Every structure is written in C-alpha cells, then in structure tokens.
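Working notes, beginning with the structure itself.
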Amino acid sequence: MHLKSLEISGFKSFAKKATLSFTSSITGIVGPNGSGKSNTAEAFRFVLGEQSIKSLRGKRGEDMIWNGGSESGAGRANRATVSLVFDNSPTRAGGGQRMFPSIDFDEVKVERVVNRDNSNEYYLNGSQVRLRDIMELMAGAHVGATGHHIISQGEADRILTASIRERREIIEDALGLKIHQWKKLESIRKLERTEENMKQVESLRREIAPHIKFLRKQVEKIEKAEEMRRELISIYKEYFAQEEAYLCAEKSRLEHELGAPKKELASLDHELERAKAILTASKNKDQKSEEVIALETRLAGIRADKDAIMRELGRLEGEINANRRAIEKEKEKQKRDEFKTVYLKDLEDVVGTLSSLPTVAEIIQALKSFITRHRGVSDSSFIGEAEKEIATLMGRKADEESRLKGIGESESKYASEYEALKRAIEKEKDTNRDAEKDVFRIIARQNEVRGVIASLTGQWNALSHEEESFKRELGEAGNIAGREAVNYSELSSSSAGASAASSSRADQADKRHHIEKLKIRIEDAGAGGGSEVLKEYKETEERDAFLARELEDLGRAKEELLKLVAELDARIDYEFKSGILKINEQFQSFFTLMFGGGKAELTVIRETKRRKKSDAEELSGMLSEGDIEAGGMPGAGEEEESGPEGLDVNVSLPRKKVKGLMMLSGGERALTSIALLFAISQVNPPPFIILDETDAALDEANSRKYGDMIESLSKHSQLILITHNRETMSRAGVIYGVTMGADGASKLLSIAFEDAVKVAK
C-alpha cells in the first residue's frame with residue numbers, strides 16, 4: 001500500500017479534522033447526496049496542487065474554507081488544510097526502490113493550506129516548499145492534481161468528448177510524460193532566455209565595436225608616437241653623450257691652453273712691476289722715464305676696459321643666438337595648422353557675418369573663407385617679442401662695438417706714442433735706459449699674451465653659452481621624452497669621447513635637426529594622455545573578449561539545449577507511441593470484456609484547420625493554375641492547415657452497425673470511457689485511483705463487470721471508490737460513510753466489513 005491516509009481540516013464541508021486511513025487495496029466512500037462525500041475527491045485534487053478553483057466547484061480560494069454552520073454549529077474557519085501521507089519505504093516489488101527516490105524517508109507527507117486572503121502554502125514533511133516542487137515530486141510517481149487517476153462524477157465521459165489535443169494530454173499525463181514535457185518546456189524557456197541573452201551580448205558588442213575601433217586608432221597613434229619617442233630617446237642619448245664629451249673636451253683644452261698664457265702674463269706683470277720700481281727708484285730718472293711709466297698705466301686701463309667689453313660682447317652674442325634658435329623653433333611650429341591662432345576681434349566679426357546668413361550652405365562657405373584667410377596667418381607675438389629682444393641686444397652690441405672701436409683708436413694712439421718713445425730711448429745709452437727697454441719689451445709681450453687670452457676667453461664664453469643651451473635641452477628632453485632620455489650615462493665616457501672626436505659639429509647639428517623633426521611629429525601624433533587611452537583600450541578589449549567568450553558559452557549552451565529538446569522530443573514521441581500500443585492492447589481487452597466483442601483503439605491523427613487565404617495568396621494560386629487565361633472562377637479562398645498531433649477514439653460494437661462515438665448511447669459511452677480509463681491505468685499504474693460515481697450509469701449486469709475490473713485493477717493501484725452502487729461497495733475492503741448534520745458539517749463513519757457486506761446485500 002502506497003497511500004496511507006488523507007487528513008482534512010476546515011476544507012469545504014469538513015469543519016473539523018477528519019482522517020481517512022487506507023489500509024485496503026479498495027476503499028469505499030458512501031453517503032447520501034449532498035453529504036460531502038465528493039469533497040473527499042476534491043480534497044485529493046486540492047492537496048496535489050489543482051489551480052483551477054472552478055474545477056473544485058468554487059469561485060475564489062476562500063470558497064475552499066469551511067464557512068460556518070447555518071445553526072449553532074462550529075464557527076467559520078480561517079484556513080483549510082489537507083494533507084496526504086504516503087508510505088515511502090523500499091518495497092520488494094519495486095526492487096528495493098522507494099516510491100519517491102529523491103526523499104530518503106519512509107513516510108512522505110504532502111500538505112496544502114489555503115487562507116482567507118487566498119494565499120496558499122505547500123509543505124513537504126513539514127518544510128515549506130514551492131508548488132512546482134510538489135508537482136515534480138508527484139509527476140515522478142505518475143500522480144497529478146488532474147488526469148486519469150482522479151475521475152469525478154460526470155467526468156468519466158470527458159476523455160471521449162475532449163478534443164484530440166486534450167485527449168493526447170490526458171494520455172501523456174497517464175504515461176508519465178509530463179515530467180519530460182516540463183523539462184522540455186523548461187529547456188525551451190532556457191533556450192529563449194539564452195537567445196535573448198545572446199542578442200543582448202551581440203548588441204553590447206555592436207555598441208562597443210565603434211569605440212574599440214576608435215581606441216585602436218588612438219592606440220596605433222600612441223604606439224607610433226611611442227616608437228618615435230624611443231627613437232628620440234636613442235638619438236637624444238647619443239646627442240647628449242657626444243655633446244657632453246665635446247663640452248668636457250673643449251673645456252679641458254681651453255683650460256690647458258689658458259694655463260701657460262695666464263702664467264706667462266702673471267710673470268710679465270711681475271717683471272713689469274720690478275722694472276717700474278727700478279725706474280721709480282732711480283736717482284737719474286728723467287722725463288722719458290716718467291712718460292714710460294704714465295704710458296704703461298694708461299695702456300693698462302685701456303686693456304682692462306677692452307677685456308670688459310669683449311666679455312660683454314660675448315654675452316650679448318650668446319643671447320642673440322639663443323633668441324634666434326627660439327624664433328626658428330616657433331616658426332617650425334607655426335607652419336602647422338593646429339598652431340594657427342586668430343584674434344578675438346576677427347572671430348567676433350565672423351560671428352556677426354554668420355548671424356546674417358539664412359542658409360547652412362552660406363554659413364559653411366563663410367566659415368571656409370574665414371579659415372582660408374587665416375590659414376596663412378600666424379600668431380607672431382612671440383616671434384615679435386623675440387625679434388625686439390634681438391634688436392635691443394644688437395643695439396647694445398653695436399654700442400659695445402663702438403666703445404671697443406674708440407678704445408682701439410686710443411690704444412693705437414698710445415701705441416704710436418709708445419713706439420716713438422721706444423725709438424728715442426734706444427738712441428740713448430745710460431743705466432735707466434735698460435729698465436725702460438724692459439718695460440717696452442714686457443708691455444709688447446703682454447699685449448701678445450693678452451690677445452691669446454682674449455681669444456681663448458671668447459671661446460670659453462661661447463662654450464659657456466653652449467653649455468647653458470645643453471642644460472636647457474636636457475630639461476626639454478626630460479619633459480618631452482621622459483627621464484630615460486637624459487640618462488645617457490650608460491654610454492661610456494671613452495666611447496662617447498671617441499664618438500665626439502669623430503663627430504663634427506655639423507653632425508651634431510644634423511642630429512639636433514632630426515630631434516626637432518621628431519619632436520614636431522610626436523606633438524602632431526597627439527600622444528597626450530596615452531596611459532589613460534591604453535588603459536581604457538585594454539579594459540574595453542577585455543570586456544569585448546569577455547563578451548565574446550560569454551557569447552561562445554551561450555552558443556554552446558544553445559546547442560546543448562537544442563540537443564536536449566530534440567532528445568526529449570524523440571523520447572516523448574517514442575514513449576507516447578509505444579504507450580499507445582500498450583493502451584490499445586488493454587483497451588481492446590476491457591472493451592471486449594464490457595461488450596462481449598467489438599473493436600476499440602486509439603489512433604494518432606493530426607488536426608487540420610481551414611483558414612482564409614490572403615488576397616496575395618489567392619491571386620498567386622489563380623496565376624499558377626492558369627485560371628485567368630482559362631477564364632475560370634476563383635476558388636472559395638480557403639486552405640487547410642495542419643495542426644498539432646492528437647488522439648482519436650475508434651470503436652465498433654459487436655452485432656451492431658455502430659461505429660464512432662457519436663452513435664453510442666449514454667450507457668455505452670460510459671462503458672467505453674471506463675474501459676479506456678482502466679486500460680490507461682493498466683499500462684502505467686499510478687499508486688492510487690479515485691473513482692467518483694463513475695458507475696452511476698451502469699445497470700446490474702454491467703455493474704458486476706465493473707466490479708470485476710475494479711478487483712483486477714486493484715492489483716496494480718489502490719482504489720478509492722465514491723459510489724452508491726451496492727455491487728461496487730461489495731468489492732471494498734474498508735468503507736467510510738459520510739453524513740451531514742444540522743450544522744452542515746460533514747462527518748466520517750467507518751463501517752466494519754461484515755456490516756458493509758450486510759448493507760450491500
């Protein structure tokens with residue numbers, strides 16, 4: 001026995017808790033009309049998850065709840081509870097398998113509660129679960145809220161009157177195909193969700209594709225700029241290493257070459273002071289000696305002024321060259337359109353012009369003209385300032401050169417006096433004249449040495465300006481190409497020195513020109529914010545790759561679902577058609593038992609529908625058939641369509657020319673439906689079958705046949721029979737009587753089997 005008990009509390013007419021224990025393979029439920037005995041069958045439907053309140057003879061969920069007696073009975077209940085208890089212990093007949101293999105308990109209790117607010121609760125062994133959980137559990141045991149195993153009064157004929165599609169659903173439920181259909185439906189829903197997800201993913205990929213394309217171009221520009229930057233760094237390192245080696249070598253050379261003249265000049269100064277001291281201390285000094293001393297003093301002052309002017313001229317020349325290089329750079333920039341600027345007044349003028357134009361074409365033409373006019377115009381403010389600075393420096397240089405010229409004239413004048421005085425002294429032969437000759441000799445040599453020192457000092461000043469320019473270039477290189485560009489110490493001093501020795505200043509100038517071109521190209525590439533673009537490109541690429549992988553996974557999932565749906569379709573079709581063969585075998589057996597012969601079977605047919613053709617379809621058909629040329633009339637404008645497969649019932653009674661369900665009498669239809677229902681139950685037996693007065697239309701002879709079939713059926717399923725038929729009652733092992741008191745509440749009475757036999761007879 002699989003079914004142990006049914007507990008009803010507050011459900012419909014059962015005001016108080018009532019329990020039906022099913023200890024026999026056949027249990028009868030009897031009672032007068034209106035006592036509520038059919039409510040027990042509806043209690044089965046209710047607890048197994050029936051969602052149609054109409055099929056439970058109600059309009060709302062609260063119609064299932066005891067509403068109170070008309071007289072002094074029990075008050076109305078706030079909830080209705082129905083529970084069904086199954087024996088789930090392993091059985092030998094089942095090969096040691098449980099009725100519900102997914103539940104590892106020997107007893108399974110299914111419970112449903114409905115409240116006054118129409119809310120429903122479902123419980124499995126005391127734990128709240130979903131309706132779907134209950135239905136899936138029951139479907140595995142071929143049990144459902146509706147179907148072949150719960151046949152209520154007046155519904156036995158439903159399998160005959162149903163449409164071919166509805167009849168197929170009843171048979172599929174009986175064959176246990178519902179669980180496969182649920183899996184198929186769930187797979188189809190998953191497939192729909194998967195396809196929708198695929199569309200969303202594809203849409204997302206389409207949305208980010210233009211952005212990826214844009215970012216890829218930016219990355220290509222950045223990579224190109226980075227390539228140029230690496231080239232710039234390489235050239236910078238070589239250029240800086242050679243420039244530093246050149247500057248160091250030149251400084252070392254100048255320091256070495258300046259050492260001897262400076263030392264000689266210091267010695268000459270000492271000798272001159274000694275000679276002057278001799279002349280000053282001489283007792284025999286004369287006017288010429290004093291003239292020599294005065295001349296030497298004036299020449300010393302002139303030489304000091306000349307040295308100061310030369311230094312200033314060197315500084316001015318360096319500043320002029322620096323400004324000229326800045327002007328050249330600015331002119332290179334202004335050759336490119338992106339550095340073109342316009343004055344605010346010009347922009348205001350063009351805005352005023354645009355406001356007076358009515359058409360877009362005129363506005364576009366005006367803008368093109370404005371751009372054309374200003375394409376060749378550059379912002380020369382910086383160049384102008386630099387040129388003004390050069391002009392100022394050139395003026396100061398001219399002043400210094402004029403001073404130098406005046407000093408040179410004074411020096412020439414004093415040099416002439418110096419030569420004349422020297423010749424006069426050479427003619428005289430006294431003691432003081434040797435000292436005077438030394439003074440003239442020393443002064444002459446000092447002039448030569450100072451000339452050498454002045455030349456070397458000029459080179460030193462020029463070198464200092466080059467060193468300052470070198471430092472500025474280092475700072476600029478660090479800003480443009482990064483710190484790596486100024487980290488040229490990795491090049492050894494020896495190799496750099498050798499390279500500098502072999503590299504001319506023209507080669508360095510070529511490198512500097514190449515550097516300037518690379519700087520301009522890097523600026524044109526617009527590599528600013530490259531790290532952010534690269535980061536965004538990487539993130540967007542990763543997202544696109546993730547979406548691609550997700551799309552691939554969804555594609556595989558779609559294929560798996562399609563495969564699963566196809567497998568389920570094949571399995572459903574195979575089990576359905578093989579089940580039909582088994583049902584037909586049993587159907588024929590029961591039909592023969594009922595009618596003493598004849599033929600009965602279920603056949604698979606496809607529903608056909610007629611639909612009206614559209615005008616285009618009808619015209620196309622006319623043209624294809626040549627109706628217009630033949631002058632024929634068009635058809636009715638309808639065509640047949642194939643619908644879903646279903647089941648038809650074909651019967652042929654013995655000794656009668658009765659074929660087809662429509663020609664059967666009421667009793668014959670009842671016997672046919674019972675034979676079919678019993679045949680269905682024999683093929684895939686459910687654990688229990690409820691028959692609610694399905695024998696009401698049978699006469700005494702047929703009732704005995706009905707009873708024999710019940711006993712045969714009870715070998716495979718427990719039977720709960722709601723009946724008035726004595727023959728049927730006689731086959732029950734346990735009978736429950738249902739009565740209704742004055743308060744309108746149903747009560748259960750158990751009848752002993754011996755008493756039941758007496759009542760039945």
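If you check Leu661 against the conditions, is it touching a helix residue (DSSP H, G or I) at 6+ places or on another chain (Cβ under 9 Å) and buried (at least 19 other Cβ atoms within 10 Å of the Cβ)? No: the conditions fail for Leu661. Could you tell me whether any residue of region 438-461 is under 25 Å from Arg229 (Cα atoms), surrounded by 15 or more Cβ atoms within 10 Å (Cβ to Cβ) and modelled with pLDDT of 75 or more? No, region 438-461 contains no residue that is under 25 Å from Arg229 (Cα atoms), surrounded by 15 or more Cβ atoms within 10 Å (Cβ to Cβ) and modelled with pLDDT of 75 or more. Residue count for region 714-748, restricted to those that are over 60 Å from the mean Cα position of the chain (by Cα), free of Cβ contacts under 8 Å to residues at least 40 places away in the same chain and over 19 Å from Gly667 (Cα atoms): 1.
Condition check for Ser712 on (1) of a type in the set (Ser, Thr, Tyr); (2) more than 13 Å from Gly28 (Cβ to Cβ); (3) modelled with pLDDT of 85 or more: one failure, at (3). Of all positions in region 292-308, none carries a residue that is exposed (fewer than 11 other Cβ atoms within 10 Å of the Cβ), at pLDDT below 75, closer than 30 Å to Leu421 by Cα and of a type outside the set (Asp, Glu). Would you say Glu136 is modelled with pLDDT of 85 or more and charged (D, E, K, R)? Criteria not met by Glu136.
Table: residues versus (1) closer than 22 Å to Ser746 by Cα; (2) surrounded by fewer than 17 Cβ atoms within 10 Å (Cβ to Cβ).
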| position | (1), (2) |
| --- | --- |
| Val30 | yes, no |
| Ala41 | yes, no |
| Ile53 | yes, no |
| Glu62 | yes, no |
| Ser83 | yes, no |
| Ser89 | no, yes |
| Met99 | no, no |
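The residue that is modelled with the highest pLDDT, among those in region 329-354 that are outside any helix (DSSP H, G or I) and surrounded by 13 or more Cβ atoms within 10 Å (Cβ to Cβ), is Val342. Applying the condition of being of a type in the set (Ser, Thr, Tyr) and in contact with a Lys or Arg (Cβ under 8 Å, 6 or more places away or on another chain) to region 12-37 and asking which residue is nearest to Ala77 (Cα to Cα) yields Ser21.
A Cβ distance below 7 Å, combined with a sequence gap of six or more or placement on separate chains, defines the contacts here; from region 439-467, residues that are touching a residue at least 12 places away in the same chain (Cβ under 8 Å) and under 30 Å from Arg423 (Cβ atoms) reach residues that are small (Gly, Ala, Ser) and assigned to a helix (DSSP H, G or I) in the pairs Val439/Ala275; Ile442/Ala275.
Of the listed requirements (1) closer than 28 Å to Val565 by Cβ; (2) part of a helix (DSSP H, G or I), His142 misses just one: (2).
Every residue, every condition in (1) basic (Lys, Arg); (2) within 22 Å of the chain's Cα centre (by Cα); (3) closer than 22 Å to Lys563 by Cα; (4) not in a helix (DSSP H, G or I), yes or no:
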position	(1), (2), (3), (4)
Arg168	yes, no, no, no
Lys184	yes, no, yes, no
Arg193	yes, yes, yes, no
Arg216	yes, yes, no, no
Glu223	no, no, no, no
Arg229	yes, no, no, no
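Does Arg112 qualify as being in contact with a helix residue (DSSP H, G or I) (Cβ under 6 Å, 6 or more places away or on another chain), on the phi < 0 side of the Ramachandran plot and modelled with pLDDT of 85 or more? Answer is yes for this residue. For Ala249, the conditions (1) buried (at least 18 other Cβ atoms within 10 Å of the Cβ); (2) touching a Gly at 6+ places or on another chain (Cβ under 9 Å) are fulfilled apart from (1). Kindly indicate whether Leu357 is at pLDDT 70 or above and outside any helix (DSSP H, G or I). Against the criterion (at pLDDT 70 or above and outside any helix (DSSP H, G or I)), Leu357 qualifies.
Selection over region 674-710 of residues that are of a type outside the set (Val, Ile, Thr), closer than 30 Å to Leu137 by Cβ and not in a loop (DSSP other than H, G, I, E, B) gives a count of 10. Would you be able to say whether some residue in region 98-105 is touching a strand residue (DSSP E or B) at 6+ places or on another chain (Cβ under 9 Å), among the charged types (D, E, K, R) and under 23 Å from Ile720 (Cα atoms)? Within region 98-105, one or more residues are touching a strand residue (DSSP E or B) at 6+ places or on another chain (Cβ under 9 Å), among the charged types (D, E, K, R) and under 23 Å from Ile720 (Cα atoms). Kindly evaluate Val683 against the criterion of being at pLDDT 85 or above and crowded, with 19+ Cβ neighbours inside 10 Å. No; evaluated as a whole, the condition is false for this residue. Scanning region 587-601 for residues that are at pLDDT below 90 and of a type in the set (S, T, N, Q) yields Ser589, Thr592. Scanning region 517-534 finds no residues that are in a helix (DSSP H, G or I), within 27 Å of Gly643 (Cα to Cα), of a type outside the set (Ser, Thr, Tyr) and within 43 Å of the chain's Cα centre (by Cα).
Consider region 170-199 and keep the residues that are basic (Lys, Arg) and modelled with pLDDT of 85 or more. The one that is farthest from Asn684 (Cα to Cα) is Lys199.
Answer with yes or no whether Leu691 is under 24 Å from Leu6 (Cα atoms), at pLDDT 85 or above and in contact with a helix residue (DSSP H, G or I) (Cβ under 9 Å, 6 or more places away or on another chain). Here the answer is yes, as Leu691 does meet what is asked.
Let's see how each residue does on (1) among the acidic types (Asp, Glu); (2) at pLDDT below 90; (3) within 54 Å of the chain's Cα centre (by Cα):
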site	(1), (2), (3)
Met64	no, no, yes
Gly68	no, yes, no
Gly75	no, yes, no
Arg79	no, no, yes
Ser83	no, no, yes
Phe86	no, no, yes
Pro90	no, yes, yes
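Going by the conditions given, is Ser35 assigned to a loop (DSSP other than H, G, I, E, B) and within 30 Å of Ser89 (Cβ to Cβ)? No, not satisfied. Scanning region 646-692 for residues that are touching a residue at least 12 places away in the same chain (Cβ under 8 Å) and among the small types (Gly, Ala, Ser) turns up Gly646, Ser652, Gly666, Gly667, Ala670, Ser673, Ala675, Ala679, Ser681.
The values are calculated or read from the model by the stated rules, or taken from the named source; none is laboratory data. Owing to the predicted nature of the structure, the values given are computational and were not obtained by experimental measurement. When we count neighbours, we look across all protein chains shown, and the Cβ atoms used for this are built from the backbone with ideal geometry, even at glycine.
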